[in-house]
């Protein structure tokens, strides 16, 4: 091909990196919501996509996806759903409407709390999450007050399903196989803002793989700008795009 546009998104789920994340019953929010919605696991066995509903579910995170996961778990039949977040409600990044609806549906918010490990029931299944209480210290680079562990405040919450909803990042598979495409420290492709051109001639990129998790509107805009730039590139392959704006 004479030109290529990379728009693979940034959908690799992030995890806490704590012991027990490989236990049965621990499932990323991406997989959980994909199974429940796109693959219609809620209609199992009519649809052949299984999903573990669980009686006591812990959702880890404070964003919109965490709210979605908690509400879906409750609607699928969970008896108790905890939403565990390491900061206070004021620092929670989810939209206020999402938080309101989650509380309204009966989600129990466990704030200023951070998971430290998942407990094995002896058969490879998660049976509890160990947490530690947090307090807010000085602001971090995001401007929010940094959560600091409270020594000796560990406690257990009995669960049979855990859903980390901690955001996503760039999948490194493609960029590692094409080493001459420049990426930043976070693994996102470096591309010209107006054109989407990367460090490799003829290769363009846009959307979340460049910006990180953002909106559909921004991704659509990046695609349109890149399409125009690719059209010009194919007309004039030696065109210096960096000196020609949009």
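The values are calculated or read from the model by the stated rules, or taken from the named source; none is laboratory data. Since the model is a prediction, treat every value here as computed from it, not as a measurement. Cβ sites come from the backbone with ideal geometry, for glycine too, and all protein chains shown count toward neighbours.
Say whether the condition of being over 30 Å from residue 20 (Cβ atoms), at pLDDT 95 or above and surrounded by fewer than 15 Cβ atoms within 10 Å (Cβ to Cβ) is met by at least one residue in region 233-246. No, region 233-246 contains no residue that is over 30 Å from residue 20 (Cβ atoms), at pLDDT 95 or above and surrounded by fewer than 15 Cβ atoms within 10 Å (Cβ to Cβ). Spot the failing condition for residue 156; the list is (1) surrounded by 13 or more Cβ atoms within 10 Å (Cβ to Cβ); (2) in contact (Cβ under 8 Å) with a residue 12 or more places away in the chain; (3) in a strand (DSSP E or B), and only one is missed. Result: residue 156 fails condition (1) only. Would you check which residues across region 65-98 are closer than 20 Å to residue 114 by Cβ and either surrounded by fewer than 19 Cβ atoms within 10 Å (Cβ to Cβ) or over 19 Å from the mean Cα position of the chain (by Cα) (or both) and list them? 80, 81, 88, 89, 90, 91, 93, listed by residue number. The selection criterion, being part of a strand (DSSP E or B) and either more than 21 Å from residue 23 (Cβ to Cβ) or touching a helix residue (DSSP H, G or I) at 6+ places or on another chain (Cβ under 6 Å) (or both), holds for residue 83. In summary, residue 204 fulfils each of the numbered conditions (1) more than 23 Å from the chain's Cα centre (by Cα); (2) in a helix (DSSP H, G or I) with the single exception of condition (2).
Inclusion of residue 140 among residues that are in the same structural domain as residue 55 (by TED's automatic domain parsing), over 30 Å from residue 204 (Cα atoms) and crowded, with 18+ Cβ neighbours inside 10 Å is not warranted. Taking region 61-79 as the range and being outside any loop (DSSP other than H, G, I, E, B) and under 24 Å from residue 17 (Cα atoms) as the test, the residues that pass are 64, 65, 66, 67, 68, 69, 70, 73.
Residue 37 meets the stated requirement of being within 30 Å of residue 188 (Cβ to Cβ), exposed (fewer than 15 other Cβ atoms within 10 Å of the Cβ) and touching a helix residue (DSSP H, G or I) at 6+ places or on another chain (Cβ under 9 Å). The set of residues in region 86-108 that are under 14 Å from residue 61 (Cβ atoms) and either touching a residue at least 60 places away in the same chain (Cβ under 8 Å) or in a strand (DSSP E or B) (or both) comprises 86, 87. Being without any contact (Cβ under 8 Å) to a residue 60 or more places away in the chain and in the same structural domain as residue 91 (by TED's automatic domain parsing) is a condition met by no residue of region 54-61. Of all positions in region 211-218, none carries a residue that is farther than 30 Å from residue 51 by Cβ, assigned by TED's automatic domain parsing to the domain that holds residue 124 and loosely packed, with under 12 Cβ neighbours inside 10 Å.
Counting the residues of region 99-129 that are under 24 Å from residue 25 (Cα atoms) and over 22 Å from the mean Cα position of the chain (by Cα) gives 11.
Restricting attention to region 40-63, the residues that are modelled with pLDDT of 95 or more and touching a helix residue (DSSP H, G or I) at 6+ places or on another chain (Cβ under 8 Å) total 5. For the residues 29, 3, 10, 41, the requirement of being within 21 Å of residue 79 (Cα to Cα) and touching a residue at least 40 places away in the same chain (Cβ under 8 Å) singles out 29. Condition check for residue 213 on (1) in a loop (DSSP other than H, G, I, E, B); (2) without any contact (Cβ under 8 Å) to a residue 40 or more places away in the chain; (3) closer than 30 Å to residue 93 by Cα: one failure, at (2).
Restricting 164, 147 to those that are surrounded by 14 or more Cβ atoms within 10 Å (Cβ to Cβ), under 17 Å from residue 70 (Cβ atoms) and either modelled with pLDDT of 95 or more or out of contact with any helix residue (DSSP H, G or I) (no Cβ under 6 Å at 6 or more places or on another chain) (or both) reduces the list to 164.
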